[in-house]
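Enquirer: Here it is, the structure in full.
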Amino acid sequence: ITKAVILVGGPSRGTRFRPLSFKTPKPLFPVAGRPMIYHHIKALSQLGIIKEVLIIGFYEPELFNSFIDSAQNEFGIGIRYLREYQSLGTAGGLYHFRDQILRGSTERFFVMNADVVCSFPLQEMLDSHIRNYEKPKCTILATTVEDSDSAHRFGCLVKNEKNQVMHYVEKPESFLSNLISCGVFLFENTIFQQMKNIKAMKEEKEEAFGLEIDVLRPMAGTGQLYVYEMEHFWNQIKTPGSSVSANRMYLQSYMITCPDLVTKHVESGAEIISPVYIHPSASIHGTAKIGPNVSIGANAVVGRGVRVAESIILENVTLKENSCILNSIVGMDTNVGEWARVEGTPEPAPNRPLTTNGIKVPSITILGGDISVEPEVIIRNCIVLPHKELRNSYHNEILL
Ligand code: GDD
Ligand code: GTP
């Protein structure tokens, strides 16, 4: 049988994602109205052959309970959370839980990084893994980054004409290749034998080890490591700004492939510019204008004449009359006053630094949770930590 593992990391990671990950662990942050890893599980369930998904990380398991319950219900596959007692690294976690992965005679299994947005061409990946190759131990999903300057942030690959990986370098200092690993892998169960050998060569006590450097890199050039090059969309979700582009990618894709996951009308008759997701419990005034590329969470209240575009509005947010939200993330329990403007600048490159030479660069505006924005105030290109009252206007600032 075929299984799948999603690597979610833990609370000491994803630091760039604060101030949004204080309450919700980053893998459950909503993108297109659903937790980040919902989209992974949806893609896995569409394969029709996945019996069980294991979520491996070092967060408190309770955080995942209600997500797992509802996803199991929706997709009808087994989902379990397995907790590392400490960060074991991307391969350490897999190796530690190998018995769970192999249980039920698992022949091969997918491994997915949680923090990616992707069209997940898993069937194509599986077909090429099985069809083309003599004896692959692993197939890596790969894509080409256009901007060569950004390739060094990823695992970089050089392949031959048979799609075998000849070189693998994790985050190289100098330019190697535009072909990068998407953080989605398909392994044969024999990989655990290999991991055992690798571990034996390492320090006896050292438990943590990494998939990329310790396992994949040595496999390059041996004929056991292959790439499947994808088209369509892929990106990392490292910064809050990149979750706004991830939101847009999933909404635009679901509008075509899965219209049930987007909202076309609301009862009040508010103007919707597709694609948009609005939680059924949100209340949207009939004169508001929402979209494109907006998601609105549970129990949000959107008032008369409000305008929202290119933004993520989380649960229990109130947007008062004629307020305007553009290129922003509005955290839980936030209140935006009448005629206030909250706006950011779209971020061309995800995963970039917040400041250059100590000066904040224009970015998506983020209002961490429980913020109150007074009427008529303008907040532009700011990052605001939770629990604040904003009585004045601010531009290009980080408000601690
Ligand atoms: N369970 C567990 N335990 N998960 C972990 C651990 C760990 O100790 N460390 C990291 N993760 C999870 C993260 O939550 C994330 O989903 C994934 O593993 C990879 O995270 P990083 O190790 O931070 O790597 P990265 O995201 O910078 O780069 C990886 O992904 C790129 C594509 O997005 C690498 O695989 C690159 O080669 C790849 O290009
Ligand atoms: P941010 O970069 O903080 O947004 O989160 P991220 O999850 O992408 O983590 P990043 O790769 O920047 O690493 C965060 C910290 O974790 C750094 O101090 C790394 O050295 C450390 N780290 C990276 N990989 C591992 C791992 O596999 N295990 C452990 N224990 N630490 C790791």
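Enquirer: Would you confirm whether or not region 159-167 contains a residue that is over 16 Å from residue 217 (Cα atoms), part of a strand (DSSP E or B) and of a type in the set (Lys, Arg)?
Expert: Step one: list which residues in region 159-167 are over 16 Å from residue 217 (Cα atoms), which gives 161-162.
Those left that are additionally part of a strand (DSSP E or B): none.
Within region 159-167, none of the residues are over 16 Å from residue 217 (Cα atoms), part of a strand (DSSP E or B) and of a type in the set (Lys, Arg).
Enquirer: Could you tell me which of the residues 242, 177 is more than 22 Å from the chain's Cα centre (by Cα), at pLDDT below 95, among the polar types (S, T, N, Q) and within 12 Å of ligand 1 (Cβ to nearest atom)?
Expert: Details: 242 fails: more than 22 Å from the chain's Cα centre (by Cα).
None of the others qualify; the one that does is 177.
Enquirer: Is region 83-94 home to any residue that is more than 16 Å from ligand 2 (Cβ to nearest atom) and under 25 Å from residue 126 (Cα atoms)?
Expert: Just the residues of region 83-94 that are more than 16 Å from ligand 2 (Cβ to nearest atom), to begin with: none.
Within region 83-94, not a single residue is more than 16 Å from ligand 2 (Cβ to nearest atom) and under 25 Å from residue 126 (Cα atoms).
Enquirer: Does any residue in region 349-365 that is closer than 15 Å to residue 380 by Cα and assigned to a strand (DSSP E or B) come within less than 8 Å, Cβ to Cβ, of a residue that is among the aromatic types (Phe, Trp, Tyr) and modelled with pLDDT under 75 six or more places away or on a different chain, and which pairs are these?
Expert: Filtered contacts from region 349-365: no entries.
Enquirer: State the number of residues belonging to region 261-276 that are farther than 17 Å from residue 117 by Cβ and in contact with a helix residue (DSSP H, G or I) (Cβ under 8 Å, 6 or more places away or on another chain). I'd like the intermediate steps shown before the answer.
Expert: The initial filter retains those residues of region 261-276 that are farther than 17 Å from residue 117 by Cβ, namely 263-274, 276.
Keeping just the survivors that are in contact with a helix residue (DSSP H, G or I) (Cβ under 8 Å, 6 or more places away or on another chain) gives 274, 276.
Residues in region 261-276 being farther than 17 Å from residue 117 by Cβ and in contact with a helix residue (DSSP H, G or I) (Cβ under 8 Å, 6 or more places away or on another chain): 2 in total.
Enquirer: Separate question: What is the number of the single condition among (1) in contact (Cβ under 8 Å) with a residue 40 or more places away in the chain; (2) over 20 Å from residue 238 (Cβ atoms); (3) crowded, with 24+ Cβ neighbours inside 10 Å that residue 308 does not meet?
Expert: Residue 308 satisfies every listed condition except (1).
Enquirer: Exactly one of (1) within 23 Å of residue 249 (Cβ to Cβ); (2) surrounded by fewer than 18 Cβ atoms within 10 Å (Cβ to Cβ); (3) in contact (Cβ under 8 Å) with a residue 24 or more places away in the chain is unmet by residue 298. Its number?
Expert: (3)
Enquirer: Contact list please: Cβ distance under 6 Å, first residue in region 162-182 and without any contact (Cβ under 8 Å) to a residue 60 or more places away in the chain, second residue among the acidic types (Asp, Glu), pairs at least six apart or on different chains.
Expert: 170/212
Enquirer: Among the residues in region 134-147, are any under 27 Å from the mean Cα position of the chain (by Cα) and over 30 Å from residue 35 (Cα atoms)? Walk me through it before giving the result.
Expert: Step one: filter region 134-147 for residues under 27 Å from the mean Cα position of the chain (by Cα), giving 137-147.
So of that shortlist, the ones also over 30 Å from residue 35 (Cα atoms) come out as 137.
Yes.
Enquirer: Among the numbered criteria (1) of a type in the set (Val, Ile, Thr); (2) more than 19 Å from residue 30 (Cβ to Cβ); (3) touching a His at 6+ places or on another chain (Cβ under 9 Å), which single criterion is violated by residue 359?
Expert: That leaves (3) as the condition not met.
Enquirer: Kindly establish whether residue 100 is surrounded by fewer than 21 Cβ atoms within 10 Å (Cβ to Cβ) and within 16 Å of ligand 2 (Cβ to nearest atom). Write out each step before concluding.
Expert: Details: surrounded by fewer than 21 Cβ atoms within 10 Å (Cβ to Cβ): yes; within 16 Å of ligand 2 (Cβ to nearest atom): no.
No; evaluated as a whole, the condition is false for this residue.
Enquirer: Need a quick list: helices (runs of 4 or more DSSP H) entirely within region 4-105 having at least 1 residues that are over 30 Å from residue 388 (Cα atoms) and within 13 Å of ligand 1 (Cβ to nearest atom).
Expert: Values: elements: 38-47, 65-75, 89-96, 98-102.
Because the criterion is at least 1 residues that are over 30 Å from residue 388 (Cα atoms) and within 13 Å of ligand 1 (Cβ to nearest atom), the helices (runs of 4 or more DSSP H) in region 4-105 that meet it are 38-47, 89-96, 98-102.
Enquirer: Which residues, taken from region 18-55, are surrounded by fewer than 21 Cβ atoms within 10 Å (Cβ to Cβ), touching a Phe, Trp or Tyr at 6+ places or on another chain (Cβ under 7 Å), hydrophobic (A, V, I, L, M, F, W, C) and at pLDDT below 95?
Expert: none
Enquirer: Turning to a different aspect of this structure: Report, ordered by the first and then the second residue, all pairs with beta carbons closer than 9 Å, sequence separation of six or more or different chains, a first member in region 55-83 that is farther than 15 Å from residue 38 by Cβ, and a second member that is part of a loop (DSSP other than H, G, I, E, B) and aliphatic (A, V, I, L, M).
Expert: 56/88; 57/114; 58/88
Enquirer: Considering only region 84-122, state which residues are more than 19 Å from residue 181 (Cβ to Cβ), in contact (Cβ under 8 Å) with a residue 24 or more places away in the chain and out of contact with any strand residue (DSSP E or B) (no Cβ under 8 Å at 6 or more places or on another chain). If you could, list the steps in order and put the result at the bottom.
Expert: Going residue by residue through region 84-122, those that are more than 19 Å from residue 181 (Cβ to Cβ) are 84-88, 95-107.
Applying the additional criterion that residues be in contact (Cβ under 8 Å) with a residue 24 or more places away in the chain yields 84-88, 95-98, 100-102, 104-107.
85, 86, 88, 95, 96, 98, 102, 105 - these are the residues of region 84-122 that are more than 19 Å from residue 181 (Cβ to Cβ), in contact (Cβ under 8 Å) with a residue 24 or more places away in the chain and out of contact with any strand residue (DSSP E or B) (no Cβ under 8 Å at 6 or more places or on another chain).
Enquirer: Looking at 376, 321, 389, 338, which one is in a strand (DSSP E or B) and either without any contact (Cβ under 8 Å) to a residue 24 or more places away in the chain or more than 25 Å from the chain's Cα centre (by Cα) (or both)?
Expert: 389
The values are calculated or read from the model by the stated rules, or taken from the named source; none is laboratory data. A quick note: this is a predicted structure, and the numbers were derived from the prediction, not measured. Backbone-built Cβ (ideal geometry, glycine too); neighbour counts: all protein chains shown.
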